[in-house]
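For reference, the structure discussed in these notes is given below.
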């Protein structure tokens, strides 16, 4: 049933893309933007990890073109919340919430550049690509994008997403070094509990483990986390968990080598704690990219799905990957993670 639903969604996306290609007319092709852009509107992807991997583009746009006005179109609450305090952004637009006000705005403005960050057909993103007025429209190369953009970025589908976003600079005819594309977390509020914890002198030997994921297929069992921590009694750990995994976090914190930490209220608080770690062990989630923000090594638990690793791999940090023999993280053996952790601690 789920497979049939996915096939129907793909069919609908492809059909809409082809209709838009037929109805919107072919855009004049160009290889480079000439001059200094004064405005850009970016269609931001929905998930938290996607948001983190978009930040290098925002930072470098602001640094290279200090006067540029950066508008962000957010299709999810998570994305809009993440970017709300980002000083690089001029305005955030939410078509699914602001509705009429949003459409009035975009129809009364013409931007120098539109950048669609999706590298495969998306109904929402392609509709906005057609509706928004821009002198130059830029997207990623795809057969169902042909004709909808003035420039399609020719970058491999399996390229890491932060690098993929920064590939826009090839169109702007400027070069950005890979090390300048490290992501960051926009500042946010810090609770009294987390502030108190951060005021304690920093200890450099703490290992973080993240037990929460956005998908059951990426979850590693609580009993394996418990055994992993127990088998390294000389190491100190802290546990990161989403609200629905608080009970598991609290059970793990009963172990003598696990520090009790307050529940974080936002990803910025998580980042401030990750910054203090010597190592983070996590399934394939947004915390992989939080570690990239602070140059913290990780042990990543991934499935056999190739594009999850190639496109969302740890970026600009030291890392070891432990891969499941299946498409579920739960099938990763405890001994495989223990062996990897031992090797990392010996380095």
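With respect to (1) in a loop (DSSP other than H, G, I, E, B); (2) more than 28 Å from residue 38 (Cα to Cα); (3) in contact (Cβ under 8 Å) with a residue 24 or more places away in the chain; (4) within 24 Å of the chain's Cα centre (by Cα), the lone exception for residue 202 is condition (4). Does residue 94 satisfy the criteria of being in contact with a strand residue (DSSP E or B) (Cβ under 9 Å, 6 or more places away or on another chain), in the same structural domain as residue 39 (by TED's automatic domain parsing) and in contact (Cβ under 8 Å) with a residue 24 or more places away in the chain? Judged against the criteria, residue 94 is not a match. Looking at the stretch 78-190, the helices (runs of 4 or more DSSP H) lying wholly inside it that each contain 3 or more residues that are in contact with a helix residue (DSSP H, G or I) (Cβ under 9 Å, 6 or more places away or on another chain) sit at 95-98, 100-107, 123-131, 161-166. Annotation note: of 289, 307, the sole residue that is buried (at least 20 other Cβ atoms within 10 Å of the Cβ), part of a helix (DSSP H, G or I), in the same structural domain as residue 215 (by TED's automatic domain parsing) and touching a residue at least 24 places away in the same chain (Cβ under 8 Å) is 289.
What number of residues in the stretch 310-323 are buried (at least 22 other Cβ atoms within 10 Å of the Cβ) and more than 16 Å from the chain's Cα centre (by Cα)?
So the answer is 0.
Set side by side, the residues 339, 303 differ, and just one is modelled with pLDDT of 95 or more and touching a helix residue (DSSP H, G or I) at 6+ places or on another chain (Cβ under 9 Å), which is 303. Checked against (1) assigned to a loop (DSSP other than H, G, I, E, B); (2) at pLDDT 95 or above, residue 223 passes all but a single condition, namely (1).
The values are calculated or read from the model by the stated rules, or taken from the named source; none is laboratory data. All figures in this text were calculated on a predicted structure; none of them were measured in a lab. Don't worry about glycine lacking a Cβ; one is built from the backbone with ideal geometry, like all the others, and counts go over all protein chains shown.
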